[in-house]
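K.L.:
Mind having a look at this structure? Questions to follow.
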């Protein structure tokens, strides 16, 4: 009898942690799970990459319509023409691209005979445009400095 | 005694549970509202800005060639012209800036969506030089031009003019007066004169370009 009553006392003591608190704790967990999906946010709109692509495209358009310095149809076809033409024109090309692009942009121009510009980082968003020429594709990459 | 005391504890814990649940729900709603507000990218605004920038840098009315803006034509780009070029901007606040100069502004676009384009701004200049040419003489124009005007003096006896080897003017009785000759902007023009001598005024129209950034801001 004494045992039983003590047993009853224990169960009464355990009963003090109300079931509704436990339920509420589980409920709050569920709500936090739903909140967390919102807190993670939505993916970036990609406006930055779009703008960089636009910069690259603009630079490509400007360059591809510039008259050549010596021979060829345009400036870009001139540099992609031959190894020697590229070597002769590379400094002028670099200066020209540097002048066309805004100051906060870095660039790399890849031609079939070599590349001018800066080393391209792999961890930053960049924009790219390509221009087909008679002797291959010329690719222009730009990224924020 | 024990059922009574349990009952009192339950009431208090019920109150705590309700408070916890309500505050968690409120927090969740605030975060969700913020996330949805951030997710609004104003697609129509962006579309209008992209379209306007695109048309301005490619339309024949405002450019010399794609991405090369005509300085004079850009001065006159007004609201009506911009609406005609890019219908999506109609009825929206819009600002058109070339470097630091505001070309056109309608309404007051605060924030909004801005699209930047790299362009060259071309200004047509006029170069006039008078040379005395002799039979077999030639003259190279230092800057490339799309057309050349030649004005021969009345006592000129020049019969033929070649531009980079191609005969562009010929008169066996001697060329006199004003002539316009088309040239190519892709190569340097060399004029060769044959058949006589005389004073020639050579007028060329080289384009001077400078780089600039075109910014189009559109706000609803």
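The values are calculated or read from the model by the stated rules, or taken from the named source; none is laboratory data. Here the structure is a predicted model, which is why all the values come from computation and not from measurement. In this analysis, Cβ positions are derived from the backbone assuming ideal geometry, glycine residues included, and neighbour counts consider all displayed protein chains.
K.L.:
What strands (runs of 3 or more DSSP E) lie completely within the range B:103-220 and have 1 or more residues being more than 25 Å from the chain's Cα centre (by Cα) and either touching a residue at least 24 places away in the same chain (Cβ under 8 Å) or on the phi > 0 side of the Ramachandran plot (or both)?
P.N.:
It comes to B:127-133, B:138-140, B:145-152, B:160-163, B:177-182, B:190-194, B:198-219.
K.L.:
Right, next: Which residues, counting only those in the range A:21-75, are outside any helix (DSSP H, G or I), within 28 Å of residue B:42 (Cβ to Cβ) and in contact with a helix residue (DSSP H, G or I) (Cβ under 9 Å, 6 or more places away or on another chain)?
P.N.:
A:40, A:41, A:42, A:45
K.L.:
Okay, moving on. Just checking, does the range A:117-127 include any residue being touching a residue at least 12 places away in the same chain (Cβ under 8 Å), within 14 Å of chain B (Cβ to nearest Cβ) and surrounded by 14 or more Cβ atoms within 10 Å (Cβ to Cβ)?
P.N.:
yes
K.L.:
Any idea which of (1) modelled with pLDDT of 85 or more; (2) crowded, with 20+ Cβ neighbours inside 10 Å is the one residue A:72 doesn't satisfy?
P.N.:
(1)
K.L.:
Further question: Take residue B:46 and tell me if it is facing chain A (nearest Cβ under 9 Å) and either modelled with pLDDT of 90 or more or surrounded by 12 or more Cβ atoms within 10 Å (Cβ to Cβ) (or both).
P.N.:
Yes: the conditions hold for residue B:46.
K.L.:
Going through the range A:28-49 one residue at a time, which ones are in contact (Cβ under 8 Å) with a residue 40 or more places away in the chain and either at the interface with chain B (Cβ under 8 Å from one of its Cβ atoms) or buried (at least 18 other Cβ atoms within 10 Å of the Cβ) (or both)?
P.N.:
none
K.L.:
Restricting to the range A:131-143, count the residues that are touching a residue at least 40 places away in the same chain (Cβ under 8 Å) and surrounded by 14 or more Cβ atoms within 10 Å (Cβ to Cβ).
P.N.:
Residues in the range A:131-143 being touching a residue at least 40 places away in the same chain (Cβ under 8 Å) and surrounded by 14 or more Cβ atoms within 10 Å (Cβ to Cβ): 9 in total.
K.L.:
Could you check how many residues of the range B:46-71 are in contact (Cβ under 8 Å) with a residue 24 or more places away in the chain and either assigned to a loop (DSSP other than H, G, I, E, B) or farther than 14 Å from residue B:216 by Cα (or both)?
P.N.:
Residues meeting the conditions: 8.
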